[in-house]
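Remarks on the structure that follows.
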Amino acid sequence: MTESLRITCPGCEAVNRLPAARRSESPKCGQCHEPLFNGHPATLTTSNFRTHLQKSELPLVVDFWAPWCGPCKMMAPEYAAAATELEPDYRLAKVDTEAEPELGGEYGIRSIPTLVLFRGGREVARQPGAMRTADIVRWVRSHPA
């Protein structure tokens, strides 16, 4: 039996079942036919956050940020670069705490930017403060399953 994973499409939010061995083969969504991994952080909102958190079997790294935050703006390209390095083993996503204050409150976000790593729907690590690409990648990989 081939091991498969449930992976949420960053475009249409459909949950796809994909053989684990095919993650690195540029898989596409069965519903919208867009790439499941596009090298960019997914944008999460209150309406789609739980789908990515609970239905996808990929570890989820979330950048809680705000558009008025200077360090957040400085970290944005670094975080995007980290997505290209960490996919397809991780899903990177962003939550705008200004537009989605209930998510920031639910997860106790006290400063921004804050990165939170989730596995199996549960928080496993948290890191406040802006970081460079190499530091983001190192931090994420330092918390193995």
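The values are calculated or read from the model by the stated rules, or taken from the named source; none is laboratory data. Here the structure is a predicted model, which is why all the values come from computation and not from measurement. We place every Cβ from the backbone using ideal geometry, glycine too, and count neighbours over all the protein chains shown. We work out accessible area using only protein heavy atoms, side chains counted, and drop any ligands, DNA or RNA first. Shrake-Rupley method; radii C 1.70, N 1.55, O 1.52, S 1.80 Å.
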| task | Starting at the first residue of region 94-101, write each ³J(HN,Hα) from the Karplus equation 6.51 cos²θ - 1.76 cosθ + 1.60 with θ = phi - 60°, in whole Hz, x for Gly and Pro. | result | 10, 10, 7, 5, 6, 7, 10, x
| message | Just want the answer: with Cβ charges of +1 for Lys and Arg and -1 for Asp and Glu, which residue in CYS72, GLY104, ILE136 is farthest toward the dipole's positive end in region 62-145? | response | ILE136
| message | With the cut-off at 1.5 for a/c, could you classify region 36-145 from its C-alpha gyration tensor as rounded, prolate or oblate? | response | rounded
| request: Run down the lysines and flag those whose C-alpha is under 25 Å from the C-alpha of LYS55, throwing out any fewer than 8 positions away in its chain. | output: LYS28, LYS94
| query | For the chain, what is the charge dipole size about the Cα centre, in debye to the nearest 20, if Lys and Arg each add +1 at the Cβ and Asp and Glu each add -1 at the Cβ? | reply | 320 debye
| Per residue solvent-accessible surface (Å²) - the chain, probe of 1.4 Å | 52 Å²
| query | For region 84-145, what % of the accessible area comes from carbon and sulfur atoms, probe 1.4 Å? | reply | 48 percent
| said: Relative contact order for the chain: what percent, with Cα pairs under 8 Å and sequence separation of 6 or more? | reply: 24 percent
| task | Compute the long axis of helix 70-86 from its Cα atoms, compare it with the longest principal axis of the Cα atoms of the chain, and write down the angle in degrees, 0 to 90, nearest 10. | result | 20 degrees
| request: Be a star and scan region 40-70 for residues whose amide nitrogen sits under 12 Å from the point 7 Å along the Cα-to-Cβ vector of SER4. | output: none
| message | Apply the a/c threshold of 1.5 to the C-alpha gyration tensor of region 1-53 and tell me whether it is rounded, prolate or oblate. | response | prolate
